[in-house]
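Report on one structure; see the data block that follows.
Here, each number is a calculation from the coordinates, and none is a lab measurement. All values derive from a computational prediction rather than experimental measurement. Reconstructed Cβ throughout: ideal geometry from the backbone, glycine too, with neighbour counts over all protein chains shown.
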Amino acid sequence: MAASTYHSCMICKKEVNRLKYHILKEHKDIPDLETYFLKYLSQTGVPPKCDRPACNKTPSFDVRGMRYNRFCSVKCSNKQTNFTIKRVSG
């Protein structure tokens, strides 16, 4: 059996097993997980911009990972040139 991972709620300081569910159930003043992230976990308190320098859009918030995506779209991700492609020789 896998060990449970507990997370500390930044609002009430409780140690909870399922932080996402705890926030939505116990803290009715927080409308969504993105608001919690921006208010309690983000260093700037504002949504980030797309990692592609030529773009200025805000990427979508990934609820499952409790983070913002790096790029605003697949198109921007594909246009980004700061990555390397590893080829598998066979």
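What to note about this one:
- Under-5 Å amide H pairs with Arg67, H placed in peptide plane, nonlocal only: Asp62
- All Cα pairs of segment 1-46, percent lying beyond 15 Å: 44
- Along segment 54-59 the Karplus relation, 6.51 cos²θ - 1.76 cosθ + 1.60 evaluated at θ = phi - 60°, assigns HN-Hα couplings of 7, 9, 10, 7, 8, x Hz to successive residues, with x for each Gly and Pro.
- For the pair Ile30 and Val16, label points projected 7 Å from Cα toward Cβ lie 0.6 nm apart.
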